[in-house]
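Input: a single structure, listed below in structure tokens.
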Amino acid sequence: MILGHLTVTYSVAVPIQKRFPGLCVMGGVLLGALLPDILDKPVSFIWGTPSRGAGHSAVVMGLVIYILTAALPARRKLIFSVGAGILLHLLEDMVTLNQLLWPLLGPWTYQPGAGLMEKLLNYYVRFKSPVPFLVEAASYPFFLLFTFRAFRKRRNERREKSIPGV
């Protein structure tokens, strides 16, 4: 649900950013909204680890955010924004307690060995329920709307800056 995560995260983050303008970096929040899947899905398809592995663990991702914040204090606002996006992703996925607190609550359970193409087909085509597909499909118009509004707003701001005396 790539666009689903982006759309939901964006729609939650925009009102917060309007209320507290200096609090977050929108690009960081959106990167964080995708980061758990960017980390876990390819590894899952190739090695058979759970599709919600280390990238979906609040323990692991919290540790990564802490280390990055300590190593790059000048980028603290961006790193916290990425962390907020990760947190929103985990809430959107409704991860289980075992996933959220991995490795504290035990090891991963490995998926049965299937080929890469079979895993891709199972993930994208053979839904047990049409709900994930419908949610993803419904998110496309909202994503386009948010994107169009952001581009239009930037274009208007540039026009206002380019006109002297405004």
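The values are calculated or read from the model by the stated rules, or taken from the named source; none is laboratory data. As the structure is a computational prediction, the values presented were derived from the model and not from experiment. Neighbour counts are summed over all protein chains in view; Cβ atoms, including those assigned to glycine, are modelled from backbone coordinates with ideal geometry.
Of all residues in region 46-57, which are in contact (Cβ under 8 Å) with a residue 12 or more places away in the chain, surrounded by fewer than 18 Cβ atoms within 10 Å (Cβ to Cβ) and in a helix (DSSP H, G or I)? Across region 46-57, the qualifying residue is only ILE46.
May I ask you to say which residue of VAL25, VAL12, VAL43 is surrounded by 14 or more Cβ atoms within 10 Å (Cβ to Cβ) and either without any contact (Cβ under 8 Å) to a residue 24 or more places away in the chain or farther than 30 Å from PHE148 by Cβ (or both)?
On the way: VAL25 fails: either without any contact (Cβ under 8 Å) to a residue 24 or more places away in the chain or farther than 30 Å from PHE148 by Cβ (or both); VAL12 fails: either without any contact (Cβ under 8 Å) to a residue 24 or more places away in the chain or farther than 30 Å from PHE148 by Cβ (or both).
Testing whether each residue is surrounded by 14 or more Cβ atoms within 10 Å (Cβ to Cβ) and either without any contact (Cβ under 8 Å) to a residue 24 or more places away in the chain or farther than 30 Å from PHE148 by Cβ (or both) leaves just VAL43.
Determine whether region 107-128 contains at least one residue that is at pLDDT 80 or above, charged (D, E, K, R) and under 23 Å from VAL8 (Cβ atoms). Lay out the reasoning, then the answer.
Our first condition is that a residue be at pLDDT 80 or above; within region 107-128, this holds for none.
The answer is no; no qualifying residue exists.
In region 65-101, the qualifying residues are those that are β-branched (Val, Ile, Thr) and under 19 Å from SER51 (Cβ atoms), and the one that is surrounded by the most Cβ atoms within 10 Å (Cβ to Cβ) is ILE86.
Only one of the numbered conditions (1) touching a Pro at 6+ places or on another chain (Cβ under 9 Å); (2) at pLDDT below 85; (3) assigned to a helix (DSSP H, G or I) is not met by VAL60, and that is (2).
Every residue in region 14-29 that is under 16 Å from LEU88 (Cα atoms), of a type in the set (A, V, I, L, M, F, W, C) and either modelled with pLDDT under 90 or not in a helix (DSSP H, G or I) (or both), please.
Kept after step one, since they are under 16 Å from LEU88 (Cα atoms), are these residues of region 14-29: 14-17, 23-29.
Going one step further and asking which of them are of a type in the set (A, V, I, L, M, F, W, C), we end up with 14, 16, 23-26, 29.
Those that are under 16 Å from LEU88 (Cα atoms), of a type in the set (A, V, I, L, M, F, W, C) and either modelled with pLDDT under 90 or not in a helix (DSSP H, G or I) (or both): VAL14, ILE16, LEU23, CYS24, VAL25, MET26.
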